[in-house]
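Let me begin by presenting the structure, written as structure tokens, before commenting on it.
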Amino acid sequence: MPGPPGGTRETNCEHVEDVWLTPDLYKGDRSMRESGFDISFRFGPFGAGTHHYAAVCLNSLLYKVEADLARISAQLGRQQESEQWTERAAKRREQVNRYLWNPHRGLYFDYDFTTGGQSSYVYVTTFYPLWAGLASPQQARAVAANLKLFEQPGGLAMSQQQTKAQWDYPYGWAPVHLIAIEGLRRYGYNADADRNSSKFLSMILENFRRDRTIKEKYNVVTRSSETKVEVGYAVNVIGFGWTNAAFLELLHALPPKWAERLAAGRDGP
């Protein structure tokens, strides 16, 4: 319900009662839905502050688009366009590493425009800069060293915050696994990539053998497709396309010895 006019925007996920139905909240809600992370408390309760942040994931995706357009333009002989896209990509890379990289924690964090500083919300999108290729080798090493913050029996949890929202702990999602694992491979962390890929794929297979379905999301802590989401979509959709596609991509990238053990119902090489 609406709150008093003198209230402040609270980003602590424990203070959900302070979120009021204001025009700003509706803007944030629309932005959160458009982001695809619906719902996480990463941008405040119910993601209502999404439009107040420079997100690691969005800027990594934009960098990748700019770098790809520079390469494609060069291949087409459009040198001026290629140089323009190269300049844009370089500028974005510099700004991401200036504003979103935290050298003390070895992680990328979203930037909060309302506070003029980084968020402290540890989130698995810290692997997106690796996938996009904008991280330095030193930054990639630091991020890979922080895998322990996310790694669970079934793969990578979205965050460390148990908010009861579907894009937070203890849930894991196929497209994010694909991006994180490809990011690790890009910088040579193949053992970490293989291990987490095997965990995620074996969890999907284990649940498929039980009920013959592939689901939208999984509880990577309990290795189960039985999810109890209270904030977001309560029903775990069956036959979700991105889980199917990511499964095949991850499987094809695994060394044969890992794939053979997965087929036999076992983890590891």
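The values are calculated or read from the model by the stated rules, or taken from the named source; none is laboratory data. Predicted model, so just to flag it, every value in this text is computed and none were measured. Here Cβ is always computed from backbone atoms with ideal geometry, including for glycine, and neighbour counts include all displayed protein chains.
So is Glu87 of a type in the set (Asp, Glu), within 16 Å of the chain's Cα centre (by Cα) and over 25 Å from Gly28 (Cα atoms) or not?
Details: of a type in the set (Asp, Glu): yes; within 16 Å of the chain's Cα centre (by Cα): no; over 25 Å from Gly28 (Cα atoms): yes.
Considered against the rule, which asks whether it is of a type in the set (Asp, Glu), within 16 Å of the chain's Cα centre (by Cα) and over 25 Å from Gly28 (Cα atoms), Glu87 comes out as no.
Return the residues of region 122-160 that are assigned to a loop (DSSP other than H, G, I, E, B) and under 14 Å from the mean Cα position of the chain (by Cα); say none if nothing qualifies. I'd like the intermediate steps shown before the answer.
Just the residues of region 122-160 that are assigned to a loop (DSSP other than H, G, I, E, B), to begin with: 122, 133-136, 146, 150, 153-154, 157-158, 160.
Within region 122-160, Val122, Phe150, Ala157, Met158, Gln160 meet the criteria.
Find the residue count for region 142-191, including only residues that are of a type outside the set (A, V, I, L, M, F, W, C), under 16 Å from Leu107 (Cα atoms) and without any contact (Cβ under 8 Å) to a residue 40 or more places away in the chain.
2
Quick check on region 225-240. Is at least one of its residues outside any helix (DSSP H, G or I), touching an Asp or Glu at 6+ places or on another chain (Cβ under 8 Å), hydroxyl-bearing (Ser, Thr, Tyr) and surrounded by 17 or more Cβ atoms within 10 Å (Cβ to Cβ)?
Yes: one or more hits.
Would you mind stating whether Ile179 is surrounded by 13 or more Cβ atoms within 10 Å (Cβ to Cβ), under 16 Å from the mean Cα position of the chain (by Cα) and at pLDDT 95 or above?
On the way: surrounded by 13 or more Cβ atoms within 10 Å (Cβ to Cβ): yes; under 16 Å from the mean Cα position of the chain (by Cα): yes; at pLDDT 95 or above: yes.
Taking the combined requirement at face value, the residue satisfies it.
Looking at region 83-96, is at least one residue under 16 Å from Tyr128 (Cα atoms), at pLDDT 95 or above and either in contact with a Lys or Arg (Cβ under 7 Å, 6 or more places away or on another chain) or basic (Lys, Arg) (or both)? Spell out how you get there, then give the answer.
We begin by selecting, within region 83-96, every residue under 16 Å from Tyr128 (Cα atoms); these are 89, 92-96.
If we keep only those that are at pLDDT 95 or above too, we end up with 89, 92-96.
In the following step, the residues that additionally are either in contact with a Lys or Arg (Cβ under 7 Å, 6 or more places away or on another chain) or basic (Lys, Arg) (or both) were identified as 92-93.
Checked against the condition, which is being under 16 Å from Tyr128 (Cα atoms), at pLDDT 95 or above and either in contact with a Lys or Arg (Cβ under 7 Å, 6 or more places away or on another chain) or basic (Lys, Arg) (or both), region 83-96 yields at least one hit.
In the set Leu107, Leu76, which member is hydrophobic (A, V, I, L, M, F, W, C) and buried (at least 18 other Cβ atoms within 10 Å of the Cβ)?
Details: Leu76 fails: buried (at least 18 other Cβ atoms within 10 Å of the Cβ).
Step by step, each of Leu107, Leu76 is checked, and only Leu107 is hydrophobic (A, V, I, L, M, F, W, C) and buried (at least 18 other Cβ atoms within 10 Å of the Cβ).
Within region 216-269, track down each residue that is closer than 21 Å to Phe41 by Cβ and of a type in the set (Asp, Glu). Don't jump to the end; show me each part of the working.
Kept after step one, since they are closer than 21 Å to Phe41 by Cβ, are these residues of region 216-269: 216-222, 227-236.
Within region 216-269, Glu216, Glu230 qualify.
If Ala90 satisfies all but one of (1) touching an Asp or Glu at 6+ places or on another chain (Cβ under 8 Å); (2) hydrophobic (A, V, I, L, M, F, W, C); (3) over 30 Å from Tyr169 (Cβ atoms), what's the number of the condition it fails?
Here Ala90 meets the rest and fails (1).
When Ile39 is evaluated against the numbered criteria (1) modelled with pLDDT of 95 or more; (2) within 18 Å of Ala165 (Cβ to Cβ); (3) β-branched (Val, Ile, Thr), which criterion, by number, is the only one it fails?
(1)
Scan region 33-44 residue by residue and report those that are under 14 Å from the mean Cα position of the chain (by Cα), under 16 Å from Tyr121 (Cα atoms) and not charged (D, E, K, R).
Phe37, Ile39, Ser40, Phe41, Phe43
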